[in-house]
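One structure is given here, and the rest of the page talks about it.
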Amino acid sequence: MNNILYEGKSKLVCSGVDENSILIRYKDTATAFNGEKKAELLGKGRLNAEISNLIYAYLCDNGIKTHLIKVIDDTSVLVKKAEIIMVEVIIRNVAAGSFSKKYGVTEGAHLNNVVVEFSYKSDILGDPMINKSQITSLGVATADEIKEMTSLALSINDLLCSLFMKAAIRLVDFKLEFGRSKGEIILCDEISPDSCRLWDVDTDKKLDKDRFRRDLGDVLDGYSDVLRRLKNVR
Ligand code: TMP
């Protein structure tokens, strides 16, 4: 058993095989509203790990540099140790969630352009939204790093929209994290129904963590459906 270095809300971070790697283990815990709502969903870790690994393989095939070194087992991946940049990059293709609430727009409303948002990674502060000049003023990232994360996030959005569309899923919005590794910015953390809004193209049925956040039931049926569909198109 690798030493546990840190326990996150939905993942364990353990020592890796050397000082340049760490092992990430997906947990079955689901949380929302900054950890206020919490439940154990048996099998969620495995589903998210498999979905994220599949997406990472696809992104890697398409030239995106990521932290993934190799898949270890059903719930564990070995990844490069990177210095996590303390901002979450949120991409929105369709209005939903906090955007709809904040600006009074119906969920599902068309957006004239893709929205790029940043939030400051801080559990204590509740991940507040942060703008570019605030990010640079605090020394969280440089202007060049923000530019690069934005450009990477938009490329990843194009790739993911086309992958999910083949699976008859609309990629409504999602969150990405990046890290610094050997002078490069690489994609880190999971891409899964925990970190994306995924709606069935025909029915708008939610297949993501909003089923948990909003008590819609059958949370893992949605996740299993996402995995089954992605397997069919990959
Ligand atoms: P939001 O509409 O609540 O701001 O969420 C936007 C996207 O970011 C959505 O796909 C869910 C994802 N997300 C996370 O991955 N982690 C979080 O802590 C939050 C608040 C959202």
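Here are the numbers for the structure shown:
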| item | result |
| --- | --- |
| Centroid-to-centroid separation of region 105-156 and region 56-70 [C-alpha atoms, Å] | 22 |
| Long pairs among K121/K147; K65/K166; K132/K205; K101/K175, criterion Cα-Cα beyond 29 Å | K132/K205 |
| Globularity index of region 12-55, i.e. its alpha-carbon radius of gyration over 2.2 N^0.38 Å | 1.38 |
| Semi-axis lengths (Å, descending) of the ellipsoid that matches the C-alpha gyration tensor of the chain | 25, 23, 18 |
| Neighbour cut-off at most 14 other Cβ (10 Å), DSSP loop, chymotrypsin sites (Phe, Trp or Tyr not before Pro), region 21-84 | F33 |
| Residues L42 and A143, FRET efficiency given R0 of 41 Å [Cβ-Cβ distance, rounded to 0.05] | 0.35 |
| Surface accessible to a 1.4 Å probe, E7 within the full protein complex, Å² | 110 |
| Label point distance in nm, D73-K9, each placed 7 Å from Cα along Cα→Cβ | 2.7 |
| Gyration tensor verdict on region 53-115 (Cα atoms; rounded if a/c is under 1.5, prolate if a/b is larger than b/c, oblate otherwise) | prolate |
| Carbon + sulfur, % of accessible area of region 48-149 - ligands and nucleic acids excluded, 1.4 Å | 53 |
| Accessible surface, region 85-143, averaged per residue in Å² (probe 1.4 Å) | 55 |
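The values are calculated or read from the model by the stated rules, or taken from the named source; none is laboratory data. Keep in mind that what you see is a predicted model, and the values were worked out from it rather than measured. Using ideal geometry, Cβ is built from the backbone for each residue, glycine included, and neighbour counts are taken over all protein chains shown. We work out accessible area using only protein heavy atoms, side chains counted, and drop any ligands, DNA or RNA first. Shrake-Rupley method; radii C 1.70, N 1.55, O 1.52, S 1.80 Å.
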